[in-house]
Amino acid sequence: MTKSRPNILLIYTGGTIGMVKDFETGALRAFDFKNLLDRIPELKQLDCDIETFSFAEPIDSSNMNPKYWVEIAEIIESNYDAFDGFVVLHGSDTMSYTASALSFMLEHLAKPVVFTGSQLPIGDLRTDAKENLITSIHVASLQRYNKPVIKEVTLYFEYKLYRANRTTKINAEHFEAFASLNYPDLVTSGVHLKVNHDYLFKPNLKKSFKVHKVLDVNIALIKLFPGISEGVLQSIFNTPGLKGVVLETYGAGNCTTEQWFFDILKAAISKGIHIVNITQCSGGSVLMGQYQTSEQLKKMGVISGKDITSEAAICKLMYLLGQNVSAKVFKTIYETSLRGEMA
Ligand code: ASP
């Protein structure tokens, strides 16, 4: 049986990558993706077929929200059988959030979903867009025994493919804009594409692909700082309908030991609000109980976010709340790695 070339669906949601500069006025305008192959003839050298789909109104990723996440998930769902891989072009500002959310929403994914973007528009002389785009498509079309090599949601930027839910945008101007401090690169692009097979996510291929579309946004993200006031914290926890909070604590999950602070958390937990402890450090993990300053959190039932990123922590909370996971098992499920998002 001969297998035709892999076919890749390129989904353009917006962001700098899809912009071209009008050479006369200098203004940036959206690029017409229908003419992609004419504008980037290098793509014809790739051993795959490419089709494109664009949001009717491409957006700056600062305007991303869960409704658009569902839209992207539905585009992938309705094209899942027809394509071997998906490349999502997205603004870099909130790319780690969208890509993390999609990693939870797309369960038993057996094909690559590669998010990419760029710091400079595709029409710019010194653009990083072309390399990011070309290599993302290349990575999405990698096959072994006629099956995709990558079977998870990933993010490609500046010569590295990362597990998407391990990434954070770390730089607003360097081409190397993303980092994955707690998980190794999946692919490094040099003269050769080096795939780190041991680190790839291995989904259960016996289960069929499922798309989850309910996300609960009744959550908050609180970053502790020395001097945070009782009033501010109290008012956040008193938000009507609040169901979960991601708490960015210090170092290995430490916090102030002032009594008012613990009282607020205890009251919230007794009302059924889930509290997830993550570290505000870019790398490393929460280890509740290592210091006395986190012992109390452990005792009162705060969930350990271990080494999860803030972006993935937020998305996992929205996802599990949307799944109506029962209170009894919520902590256990949150503390379990579902898509390789935590150790
Ligand atoms: N503000 C843009 C966006 O996130 C920046 C970018 O595309 O990188 O949509």
Looking at the range 78-109, which of its residues are farther than 21 Å from Ser337 by Cβ and assigned to a helix (DSSP H, G or I)? Ser78, Asn79, Met95
Confirm whether Thr256 is in a loop (DSSP other than H, G, I, E, B) and either acidic (Asp, Glu) or within 24 Å of His108 (Cβ to Cβ) (or both). no
Lys210 being touching a strand residue (DSSP E or B) at 6+ places or on another chain (Cβ under 6 Å) and farther than 16 Å from Ile303 by Cα: yes
Filtered residues of the range 283-299 (kept if over 29 Å from the mean Cα position of the chain (by Cα) and hydroxyl-bearing (Ser, Thr, Tyr)): Tyr291, Thr293
Which one is nearest to Glu158 (Cα to Cα), of the residues in the range 110-132 that are in a loop (DSSP other than H, G, I, E, B) and among the hydroxyl-bearing types (Ser, Thr, Tyr)? Ser118
Output for the range 262-296, where each listed residue is touching a strand residue (DSSP E or B) at 6+ places or on another chain (Cβ under 6 Å) and of a type outside the set (A, V, I, L, M): His274, Asn277, Gln280, Tyr291, Thr293, Ser294
If I go through the range 79-88 residue by residue, how many of them are in contact with a Leu (Cβ under 7 Å, 6 or more places away or on another chain) and buried (at least 22 other Cβ atoms within 10 Å of the Cβ)? 2
For the range 4-26, the count of residues that are part of a loop (DSSP other than H, G, I, E, B) and either of a type outside the set (Gly, Ala, Ser) or surrounded by 10 or more Cβ atoms within 10 Å (Cβ to Cβ) (or both) equals 9
Filter result for the condition that a residue is over 26 Å from Met342 (Cβ atoms), in a helix (DSSP H, G or I), away from the ligand (no atom under 12 Å from the Cβ) and among the β-branched types (Val, Ile, Thr), over Ile75, Ile50: Ile75
Single residue of the range 133-153 satisfying the filter (of a type in the set (Ser, Thr, Tyr) and part of a loop (DSSP other than H, G, I, E, B)) that is nearest to Asp84 (Cα to Cα): Ser141
Could you check how many residues of the range 111-155 are in contact (Cβ under 8 Å) with a residue 60 or more places away in the chain and within 16 Å of the ligand (Cβ to nearest atom)? 14
Residue that is modelled with pLDDT under 95 and surrounded by 22 or more Cβ atoms within 10 Å (Cβ to Cβ), where the choices are Ile76, Ile72, Ile122: Ile122
Residue list for the range 153-206, restricted to those being β-branched (Val, Ile, Thr) and closer than 16 Å to Lys111 by Cα: Val153, Thr154, Val187, Val195
All positions within the range 7-47 that are closer than 29 Å to Pro148 by Cα, away from the ligand (no atom under 15 Å from the Cβ) and of a type in the set (A, V, I, L, M): Ile8, Leu9, Leu10, Leu36, Leu37, Ile40, Leu43, Leu46
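The values are calculated or read from the model by the stated rules, or taken from the named source; none is laboratory data. These figures come from a predicted structure and were not determined experimentally. Here the Cβ is made from the backbone with ideal geometry for all residues, glycine too, and neighbour counts use every protein chain on show.
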